[in-house]
Amino acid sequence: MKKFSGKWFFAGVILAVLILCIVLIYMFFIKKPVKNELTLYGNIEIRQVDLSFRVSGRLKHLYFEEGDYVKKGQILAELDFDTFDTNLKELSAKVQDTNARKINANDIYRRNLPLCTDFTLSKQECKNLFTDKERADAEYELSRAQLENAKIAREDAVLRAPNDGIILTRIMEIGTILSAGVPICSMSLFKPLWARAYVAEEDLGKIRLGQKAYISSDAASDKEFAAHIGFISPVAEFTPKTVETVSLRTDLVYRLRVIVDDTGDDTLYLRQGMPVNIRVPLENPPSAENKEAKIRE
């Protein structure tokens, strides 16, 4: 009886091991768990702009330091206004002078016009009167245009922030003689704020433009920032070395731009180049009944 019961015991153990192996094989090789979200990895990208004057001059004022937060329209720097103000006075006087000559030329032309119609004056004299009038008109319009251009140059001697952002580097110092277009500072913009990520080819069909996503970082692990997929590259590329993915680096991937929706104060946790995790909730696949109804439609 003991031998018989021992055989049954070993047989039961072997049967249990076989059943366990079958279950494990089914779970890991046959039945694939359905994922309801996709996890991607990427880095924060922030636009950077080099700020400069459109006109040349001597740098007189700088109202910022590196690391300062600035608002859109805030004055960052100013050139010396002396040359611009002098030019404005000169061109204003020129406008008055050309306007006076224009009025005089037009009066002479109007007074002598009857003498041209009855041929008292020769054709050449009448032509000269008309030419003088047109030249005076043109000189007046040219002086007005030059004055407007001088006003624009005076406004361009004041550098304003193009958007909300933070000053990264201060390149020039007060007293520097600047040429037009020479950068004086580098600024990082707060908007737009996005993460650059890559999706494997096998997961490409699971996402679409405008799809909701959530971004988190190690610096603020308790915060998730609402975002959406704003760009999917139509061109495949090899996985960059700076991106950590679960697949091989030689796999082909597609570049994504995941744009942050809320750019409030909390997004200051997201810094240039910071690695982030991107959670993309996936839509439930349509059932067989829904597929059949859609086909009938």
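The values are calculated or read from the model by the stated rules, or taken from the named source; none is laboratory data. Computed from a predicted model, the values in this text were never measured in an experiment. We place every Cβ from the backbone using ideal geometry, glycine too, and count neighbours over all the protein chains shown. Note: accessible area is taken over every heavy atom of the protein model, side chains too, but ligands, DNA and RNA are not part of it. Shrake-Rupley method; radii C 1.70, N 1.55, O 1.52, S 1.80 Å.
Quick one: Gln96 ticks every box in (1) free of Cβ contacts under 8 Å to residues at least 12 places away in the same chain; (2) of a type outside the set (Asp, Glu); (3) over 30 Å from Ala180 (Cβ atoms) bar one, so which box is it?
(3)
Looking only at residues that are of a type in the set (A, V, I, L, M, F, W, C), surrounded by 15 or more Cβ atoms within 10 Å (Cβ to Cβ) and in contact with a Lys or Arg (Cβ under 8 Å, 6 or more places away or on another chain) in the range 160-183, which one is farthest from Leu76 (Cα to Cα)? Outline the logic, then answer.
Residues of the range 160-183 of a type in the set (A, V, I, L, M, F, W, C): 161, 166-168, 171-172, 174, 177-178, 180, 182.
Okay, now just the ones that are also surrounded by 15 or more Cβ atoms within 10 Å (Cβ to Cβ), so 161, 166-168, 172, 178, 182.
Still in the list and also in contact with a Lys or Arg (Cβ under 8 Å, 6 or more places away or on another chain): 161, 178.
On the way: Ala161: 7, Leu178: 15 Å.
So, considering only residues that are of a type in the set (A, V, I, L, M, F, W, C), surrounded by 15 or more Cβ atoms within 10 Å (Cβ to Cβ) and in contact with a Lys or Arg (Cβ under 8 Å, 6 or more places away or on another chain), the one farthest from Leu76 (Cα to Cα) is Leu178.
So which residues in the range 43-89 are among the acidic types (Asp, Glu) and either closer than 30 Å to Ile259 by Cα or surrounded by 13 or more Cβ atoms within 10 Å (Cβ to Cβ) (or both)?
Within the range 43-89, Glu45, Asp50, Glu65, Glu66, Asp68, Glu78, Asp80, Asp85 qualify.
Taking the range 37-72 as the region of interest, how many residues are in a strand (DSSP E or B) and hydroxyl-bearing (Ser, Thr, Tyr)? Let's see the steps before the verdict.
Pass one, the range 37-72, residues in a strand (DSSP E or B): 37-52, 57-62, 69-70.
Filter once more, keeping what is hydroxyl-bearing (Ser, Thr, Tyr): 39, 41, 52, 69.
Residues in the range 37-72 being in a strand (DSSP E or B) and hydroxyl-bearing (Ser, Thr, Tyr): 4 in total.
Taking the condition of being aliphatic (A, V, I, L, M) and either at pLDDT below 55 or farther than 15 Å from Leu38 by Cβ (or both), how many residues in the range 226-256 meet it?
First, pick out the residues of the range 226-256 that are aliphatic (A, V, I, L, M): 226-227, 229, 232, 235-236, 243, 246, 248, 252-253, 256.
Going one step further and asking which of them are either at pLDDT below 55 or farther than 15 Å from Leu38 by Cβ (or both), we end up with 226, 235-236, 243, 246, 248, 252.
The qualifying residues number 7.
Of the residues that make up the range 120-128, is at least one open to solvent by 80 Å² or more (accessible area, probe 1.4 Å), among the β-branched types (Val, Ile, Thr) and under 57 Å from the mean Cα position of the chain (by Cα)?
Start the filter on the range 120-128 by keeping residues that are open to solvent by 80 Å² or more (accessible area, probe 1.4 Å), which leaves 120, 123-125, 127.
The next check asks that each one be among the β-branched types (Val, Ile, Thr); those that pass are 120.
Among the residues that remain, those that are also under 57 Å from the mean Cα position of the chain (by Cα) are: none.
For the range 120-128, residues open to solvent by 80 Å² or more (accessible area, probe 1.4 Å), among the β-branched types (Val, Ile, Thr) and under 57 Å from the mean Cα position of the chain (by Cα): absent.
Among (1) open to solvent by 50 Å² or more (accessible area, probe 1.4 Å); (2) outside any strand (DSSP E or B); (3) touching a residue at least 60 places away in the same chain (Cβ under 8 Å), which single condition is Lys191 missing?
Tallying (1) open to solvent by 50 Å² or more (accessible area, probe 1.4 Å); (2) outside any strand (DSSP E or B); (3) touching a residue at least 60 places away in the same chain (Cβ under 8 Å), Lys191 fails exactly one: (2).
Only residues in the range 54-78 that are over 12 Å from Leu159 (Cα atoms) count as the first member; pair them with residues that are open to solvent by 70 Å² or more (accessible area, probe 1.4 Å) and among the basic types (Lys, Arg), Cβ under 6 angstrom, at least 6 apart or cross-chain, and list the lot.
none
Which residue, of Ala226, Ala220, Ala213, is touching a residue at least 24 places away in the same chain (Cβ under 8 Å), open to solvent by less than 30 Å² (accessible area, probe 1.4 Å) and assigned to a strand (DSSP E or B)? Walk me through it before giving the result.
Details: Ala226 fails: open to solvent by less than 30 Å² (accessible area, probe 1.4 Å); Ala220 fails: assigned to a strand (DSSP E or B).
None of the others qualify; the one that does is Ala213.
Can you tell me which residue in the range 99-146 is nearest to Leu88 (Cα to Cα), limited to those that are of a type in the set (Ser, Thr, Tyr) and in a helix (DSSP H, G or I)?
Residues of the range 99-146 that are of a type in the set (Ser, Thr, Tyr), as a first pass: 109, 117, 120, 122, 131, 140, 143.
Add one more test, that the residue is in a helix (DSSP H, G or I), and what stays is 109, 117, 131, 140, 143.
Details: Tyr109: 31, Thr117: 43, Thr131: 29, Tyr140: 16, Ser143: 11 Å.
Checked the range 99-146; the qualifying residue nearest to Leu88 (Cα to Cα) is Ser143.
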